[in-house]
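Take a look at the structure set out below.
The values are calculated or read from the model by the stated rules, or taken from the named source; none is laboratory data. Note that the structure is a prediction, hence the values are computed from the model and not measured. With ideal geometry, Cβ positions are generated from the backbone for all residues, glycine too; neighbour counts draw on all protein chains shown. In case anyone asks, the SASA skips ligands and DNA or RNA and just uses the protein heavy atoms, side chains included. Shrake-Rupley method; radii C 1.70, N 1.55, O 1.52, S 1.80 Å.
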Amino acid sequence: MQKLKNRFLQLTVFQKIFIVYTLGFGVLAASSLALPTDILAYYGLCLWCMFFLIFLLEQALHTANLTFGVLLKKQSRPWLWCFLAGVCVCAAFYIANIFLRQTVTVWDDVRYFLMSEESLSPYALNFAWGIKDLVFSIWYKDYNKFLLLFTTLPQLLFGGGLNGFLGAIFISGTLPFLCVFSIIGYKILKKQNIVTLPTFFICCLLTAVLPFIHTTALNGMPDIMGLYFAGLCILFAMEEDFAAPRKGNLALCALCSLLVFVTRRWYLIWLVGFYAAWYFIVLFKAYKNKNLPIVFKNIFYYTAATALFFLVTLLPYFIKIVQANYSSSYTAWKDGGILYELGILASRLGWFIPLLCLAGFVFTLKNKTLRSLALGGVISSLIILFAFNRIQSMAKQHVLLLCPAILILLFLAVTLLNKIARGKKLCLGVSYALCAVLLFNGVLPLTPLYGILLPGMSIAPEVRKDYKQLGSLATFTAENCSPDAMMYVIAGSWHFNPDYVRFYGLPQSRLDTCVCTEASVDLSLGFNTQLFDAAYVVTTDPIQQARYKLQDQFTLTIPTNAITHVASVSKNFIFVQAIQLDGFTANIYKRVAPADYAEVSYYLEEFSSIYPNLPHLYADRITEYLDFHNLQKAS
């Protein structure tokens, strides 16, 4: 007992608070009787999660021989001011997006906000029921409620709503990310003995201004939190050679690996690249140092323990992954091979960033203290690119998988600038000019360099030219449609799809009960028979398809052609109204006769000939509709 007391007294102030709160809340939550409401218990759980983020950050500081107390001392305040300046730069364009953007949140961008609005419902029934709902969402849902535990309280501080959710993402996702990668930058500079305020400030600015890091968060997706946990994995593994394992750091690395995976399913590919690169480098060093057997044994024990930890906590999740054939179901999102992937990636990153990364890599090849970091970044990136491309092509959010390696290589490039510059002023001038150009390009694209030499992703507030026209379509829907008389929108691009109508007035109003769900990805979503019952149908001219090849989106082309040109189908519709949007026209048709055998059988014949091997997505659904409504061919 005395030993425990002594160890407790040796802890930092925050660690003591965290442990006391954990024990106290655990007792109260276990009973749920001492709390006035189960909702309060949920808020208590969310507060614990915020404490947990800070606890992990404190452990990250320890890897750099820092503590919160040291940072607050007078001699450390300039470093803290450098970091806070980078945070302010980053916060500026988040605030600009909150108040100036004029767009509609759609697809993945809206999922977490909608989930956040519904997250309290299970806890209102019972706290235990809420925990069960949370665990089941992690095990069985593609989009789980884990991240909402970290965004709930910050969202309340910002007053709720879409803007409040974006503010919550900054507090619980972007800010921790900036912290942990600033620590990584500090450690890299320290290894080169060039830790100066200006160079550290440059590292902070790089994490703040690169648009491909923040675009996803600015669109309402909290996936950036996965980068926080990924950065922690890197810190805890950075100096681990497995010759004399640091059990505490390895345990934290395993825990953060689990949190990375739970954040989003596709972060598993980052974990594969990270561990493959880490183990390869450690084993190669062990071979050179002639202690390979002991290192291999320790790696085996750690891997076995981590795998067991994953299986015990996420067994249903892994069963689901094993049973699913993602390379088949996600084929629709694969536009090309690895060369195509590299071309798209080059347009998103620009050529200047990869060239800087290459410079940082080449510079460290002869540097024993930093060589492993550079090799790890390159090896993991190659594994991630090839592995991900086996399943699908990278979308904007998937670029996050490469961000840890990119940032590390950029930090190494900063050390290169310090070495080759004739004087500090030249080095700093070049570095600050780079950050200024990257920031300016992200806010106001520098044509024609945008997407070629400089990153082709923007952090500027999005403003649609046709925002009012979209409002006209939403108004028409609100006035004429209902759950019993729905609208079916035949479109599936980032620029226009059913969600632009369903969530136009979000969060003040929602039309998702009046607009049918999307069916625009042939090999994944299949045919939606709601088309036969919808009171109104919207077609687009030209057809608004996604980046997938148009010939792979027959769920868009065939219905559009049928309603406009095929007599057996078009006879059941009349043209109502055309609304001119940005680059295309939305044509509204009203169904004047119920779907008959001629209309339904037309779709059955067309899709059966195109997709004979996918009856569960096409023929079976349409045949079931025919049988259920007893539609028969006229004699």
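Looking at Asn587, Asn613, just one residue is more than 17 Å from Gln530 (Cβ to Cβ) and open to solvent by 70 Å² or more (accessible area, probe 1.4 Å), and that residue is Asn613. Here the condition is being part of a helix (DSSP H, G or I), modelled with pLDDT of 90 or more and either of a type in the set (Ser, Thr, Tyr) or under 22 Å from the mean Cα position of the chain (by Cα) (or both); of Gly343, Gly377, it holds for Gly377 alone. Of all the numbered requirements in (1) under 22 Å from Pro198 (Cα atoms); (2) in contact (Cβ under 8 Å) with a residue 40 or more places away in the chain; (3) not polar (S, T, N, Q), Ile490 misses one, and that requirement is (1). Taken as a whole, the structure places Ala286 among residues that are part of a helix (DSSP H, G or I), among the small types (Gly, Ala, Ser) and touching a Pro at 6+ places or on another chain (Cβ under 9 Å).
Please determine, by comparing only the residues of segment 310-325 that are touching a Leu at 6+ places or on another chain (Cβ under 7 Å) and not β-branched (Val, Ile, Thr), which one is surrounded by the fewest Cβ atoms within 10 Å (Cβ to Cβ). Outline the logic, then answer.
Restricting attention to segment 310-325, the residues satisfying the condition of being touching a Leu at 6+ places or on another chain (Cβ under 7 Å) are 310, 313, 318.
With not β-branched (Val, Ile, Thr) added as a condition, the list becomes 310, 318.
Numbers: Phe310: 17, Phe318: 15.
By that ranking, first place goes to Phe318.
For segment 172-198, give me the residue count where each residue is within 30 Å of Leu156 (Cα to Cα) and more than 21 Å from the chain's Cα centre (by Cα). The total comes to 1. So, of the residues in segment 326-340 that are open to solvent by less than 80 Å² (accessible area, probe 1.4 Å) and in a helix (DSSP H, G or I), which turns out to be modelled with the highest pLDDT? Looking at residues that are open to solvent by less than 80 Å² (accessible area, probe 1.4 Å) and in a helix (DSSP H, G or I), I get Ile338.
Scanning segment 1-27 for residues that are modelled with pLDDT under 70 and either among the basic types (Lys, Arg) or surrounded by 14 or more Cβ atoms within 10 Å (Cβ to Cβ) (or both) returns a single hit, Lys5. Under the condition of being surrounded by fewer than 19 Cβ atoms within 10 Å (Cβ to Cβ) and in contact with a Lys or Arg (Cβ under 9 Å, 6 or more places away or on another chain), the residues counted in segment 134-161 number 6. Consider segment 359-369 and keep the residues that are in a helix (DSSP H, G or I) and in contact (Cβ under 8 Å) with a residue 12 or more places away in the chain. The one that is surrounded by the fewest Cβ atoms within 10 Å (Cβ to Cβ) is Ala359.
The set of residues in segment 469-499 that are open to solvent by 20 Å² or more (accessible area, probe 1.4 Å), modelled with pLDDT of 90 or more and not polar (S, T, N, Q) comprises Phe476, Ala478, Glu479, Pro483, Asp484, Ala485, Met486. Residue pairs whose Cβ atoms lie under 6 Å apart, separated by 6 or more positions or on different chains, with the first residue in segment 613-634 and at pLDDT below 90 and the second of a type in the set (Ser, Thr, Tyr), are Leu631/Tyr597; Gln632/Tyr597; Lys633/Tyr597. Filtering segment 232-250 for residues that are at pLDDT 95 or above and closer than 20 Å to Thr151 by Cα leaves a non-empty set.
Selection of segment 275-310 for residues being farther than 24 Å from Gly377 by Cα and in contact (Cβ under 8 Å) with a residue 24 or more places away in the chain yields Asn291, Ile294, Ala305, Phe309, Phe310.
Take the residues of segment 567-583 that are of a type in the set (A, V, I, L, M, F, W, C) and farther than 16 Å from Thr540 by Cα: which is least open to solvent (accessible area, probe 1.4 Å)?
Pass one, segment 567-583, residues of a type in the set (A, V, I, L, M, F, W, C): 567, 569, 573-576, 578-579, 581.
Next, from what is left, pick out any that are farther than 16 Å from Thr540 by Cα: 567, 569.
Values: Ala567: 71, Val569: 0 Å².
Ranking the candidates gives Val569 first.
Residues of segment 549-565 include none that is surrounded by fewer than 21 Cβ atoms within 10 Å (Cβ to Cβ), modelled with pLDDT of 95 or more, closer than 24 Å to Glu605 by Cβ and of a type in the set (Phe, Trp, Tyr).
Within segment 435-459, track down each residue that is in a helix (DSSP H, G or I) and open to solvent by less than 30 Å² (accessible area, probe 1.4 Å). Break it down into steps so the answer makes sense when it comes.
We begin by selecting, within segment 435-459, every residue in a helix (DSSP H, G or I); these are 435-443.
Answer for segment 435-459, where residues must be in a helix (DSSP H, G or I) and open to solvent by less than 30 Å² (accessible area, probe 1.4 Å): Cys435, Leu438, Asn441, Gly442.
Whenever a residue of segment 566-589 is basic (Lys, Arg), it has no partner that is open to solvent by 60 Å² or more (accessible area, probe 1.4 Å) and in a strand (DSSP E or B) lying with C-beta atoms less than 8 angstrom away and at least six residues away or across chains. Residues of segment 516-537 that are within 16 Å of Ser482 (Cβ to Cβ) and either in contact with a Phe, Trp or Tyr (Cβ under 8 Å, 6 or more places away or on another chain) or surrounded by 20 or more Cβ atoms within 10 Å (Cβ to Cβ) (or both): Cys516, Gln530, Ala534, Tyr536, Val537.
Of the helices (runs of 4 or more DSSP H) contained entirely in segment 94-159, those carrying at least 1 residues that are more than 15 Å from the chain's Cα centre (by Cα), charged (D, E, K, R) and under 16 Å from Gly220 (Cβ atoms) fall at 108-118.
Going through (1) without any contact (Cβ under 8 Å) to a residue 40 or more places away in the chain; (2) surrounded by 19 or more Cβ atoms within 10 Å (Cβ to Cβ) one by one, Ser381 falls short only on (1). Taking the numbered list (1) among the aliphatic types (A, V, I, L, M); (2) at pLDDT 85 or above; (3) over 30 Å from Cys435 (Cβ atoms) in turn, Ala124 passes all entries but (2).
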